[in-house]
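Encoded as structure tokens, here's the structure I'll be asking about.
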Amino acid sequence: MKKKIIIGIVLIAIVVAAFILLTGGEQKPTVEFEKATVEKTTIQNSITATGTIEPVTSVTVGTQVSGIVSHLYVDYNSVVKKGQVIAELDKTNLTSELRTAQANLSSAQSSLNYEQANYNRYKTLYDKGLVSANDYESARLSYLRAKDQVVTSRQSVQRAQTNLGYATITSPIDGVVLSKSVEEGQTVAASFNTPELFTIAQDLTDMRVIADIDEADIGGVQEGQRVSFTVDAFPDDQFNGQVTQVRQQATTESNVVTYEVVISAPNNDLKLKPGLTANVTIYTLEKNDVLAVQSKALRFTPVEAILSEGQQIADVDAPTKVWTLEGNTFTAHAVQTGITNGMLTEITGGIAAGTEVFTGFSMSSVEEPAEGQAQNPFMPRPRNNRNNNNNNKQQSR
């Protein structure tokens, strides 16, 4: 701050010296001072960005089995409840697979019953020493294999039942259908990727904006900051929200680094629609009803060269100060400062509200000297005088 004050004094001295040189030192220039009032106001700073509006919670509904879409029970904008049936696939093949699995289970159970009875018989004979150990172990092994086959067949039945259940597609949440990707009769194949059938938004009254903030501005963005934004669909409306998340993952595109910032966007009147572009203003600095003054008042310092006759300077040794005129004396007031946005600076002490302080000055030009009076050769002459001289010469000719 001291360095800025010294630079300001030097610049003022240079301006005054140049002005005196141009006027030939014959008369002192007229100085007009600029003033500002110390008053309560709002200090704020903001950054702008663009973002996309989207639902806070949206779910993509797909299918884990392949088949033909036999029925669709919802369309775009349909309101659905959790567990509601929204589509069905053709169940012919899936039902057949279930029946086959059930038949295999029945056969495996029959084989198990036989092998168990055979094993019990061989065990009784082996205990009496009537059969060899090899025959007994063979019967025991067949029994264990039949038992494992029943477990495998039972799991096949369970898998077939699950796949048959997947053919009936239900909504996982309460919400509104945003998109529909299939039509009745269309075949969907669930091979490597799950086919997407619907996108359901949970609550369109609770939206959010995903804004891309430049790396030069992201340092000032914090959770809880106030945000205002507009959309092209309603250019006369201003929507409000706040920063709810600052994501750490950076995105680089065309050598431009941006970070995603999540902004809440209450949508009780349902004007905001998913996908709209939002023009966002994030208030990174905002303090209401604070005592403040124009920042250039802190850079003003009077010098002897701009004083009128009889005026004097009463300075104080302080890092930050403002100046007032008390009688014929320019008086410095040491002040304590708070936040600043470059244009305004908070005053936390040292001067009262309503005080007028100096912010700068300007010098008025010297008037053209009267006829016969010496004139500085470096000062430009008015154009109308040159025109009059030319007219006089033409008349004399």
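Bin width 10 Å, alpha-carbon pairs only: give the P(r) of segment 92-242 as whole percents, running from 0 to the bin holding the largest distance.
Going from the shortest bin to the longest, the percentages are 8, 17, 16, 14, 12, 11, 9, 6, 4, 1, 0.
Beyond 19 Å, what percent of the Cα pairs of segment 244-311 remain?
69 percent
For a quick check of your reading of the filter: which GluC sites (Glu not before Pro) in segment 179-232 sit in a DSSP loop and have no more than 10 other Cβ atoms within 10 Å? Mind showing how you got there, number by number?
Working: sites: Glu183, Glu184, Glu196, Glu215, Glu223; in loops: Glu183, Glu184, Glu215, Glu223.
Taking segment 179-232 and a limit of 10 other Cβ atoms within 10 Å, the loop GluC sites (Glu not before Pro) found are Glu183.
Let me ask you something else. Using the crude model of +1 on Lys and Arg Cβ and -1 on Asp and Glu Cβ, and no other charge, please compute the dipole size for segment 108-215 relative to its Cα centre, in debye to 20.
Computed about the Cα centre, the dipole is about 1300 debye.
Excluding Thr205 itself, calculate the net charge of residues whose Cβ lies under 11 Å from the Cβ of Thr205, where each Lys or Arg counts +1 and each Asp or Glu counts -1.
-2
Right, next: Taking all protein chains as present, what is the carbon and sulfur share of the accessible area of segment 179-257, in % to the nearest whole number, probe 1.4 Å?
40 percent
Follow-up. Within segment 62-97, find all residues whose amide N lies under 18 Å from a label point positioned 7 Å from the Cα of Gln202 along Cα-to-beta-carbon.
Answer for this model: 62, 79-84.
From the square roots a ≥ b ≥ c of the eigenvalues of the alpha-carbon gyration tensor of segment 71-170, which class results: rounded (a/c under 1.5), prolate (a/b over b/c), or oblate?
prolate
Mind putting a number on the dipole of segment 64-142 about its Cα centre? Charges go on the C-beta only, +1 for Lys and Arg and -1 for Asp and Glu, and I need it in Debye to the nearest 20.
260 debye
Moving on. Tell me the chymotrypsin sites (Phe, Trp or Tyr not before Pro) within segment 122-230 that lie in a loop according to DSSP and have at most 11 other beta-carbon atoms within 10 Å. List each step's numbers first, then the result.
On the way: sites: Tyr122, Tyr126, Tyr136, Tyr143, Tyr166, Phe192, Phe198, Phe229; in loops: Phe192.
Loop-located and lightly packed - Phe192.
From largest accessible area down, sort Arg154, Arg140; use a 1.4 Å probe on the protein chains.
Details: Arg154 115, Arg140 95 Å².
I get Arg154, Arg140, largest accessible area first.
Debye sum, Cα scatterers, segment 163-275, no solvent: what log₁₀ I/I(0) at q = 0.15 1/Å?
Log-scaled intensity ratios, in q order: -0.88.
Counting other Cβ atoms within 10 Å, which GluC sites (Glu not before Pro) in segment 282-351 have at most 12 and lie in a DSSP loop?
Glu309
A further question follows. Given a 1.4 angstrom probe, I'd like the percentage of the accessible area of segment 30-135 that is carbon and sulfur, rounded to a whole number.
Summing carbon and sulfur atoms, their accessible area is 44 percent of the total for segment 30-135.
Return, ordered by residue number, the residues of segment 346-365 whose backbone nitrogen is under 15 Å from a label point located 7 Å along Cα→Cβ of Val316.
Taking a point 7 Å out along Cα→Cβ of Val316, the residues of segment 346-365 whose backbone N falls under 15 Å are 347-353, 355-358.
For segment 261-349, what D do you get in µm² per second when you plug the Kirkwood radius from alpha-carbon pairs into Stokes-Einstein at 10 °C and 1.306 mPa s? Write down the numbers at each step before the final one.
Details: Rh = 17.1 Å.
Stokes-Einstein gives a translational diffusion coefficient of 93 µm²/s.
The values are calculated or read from the model by the stated rules, or taken from the named source; none is laboratory data. Quick caveat, the model's predicted, so the values are computed rather than measured. With ideal geometry, Cβ positions are generated from the backbone for all residues, glycine too; neighbour counts draw on all protein chains shown. For the accessible areas, the whole protein counts, side chains as well, though only heavy atoms, and no ligand, DNA or RNA atoms are used. Shrake-Rupley method; radii C 1.70, N 1.55, O 1.52, S 1.80 Å.
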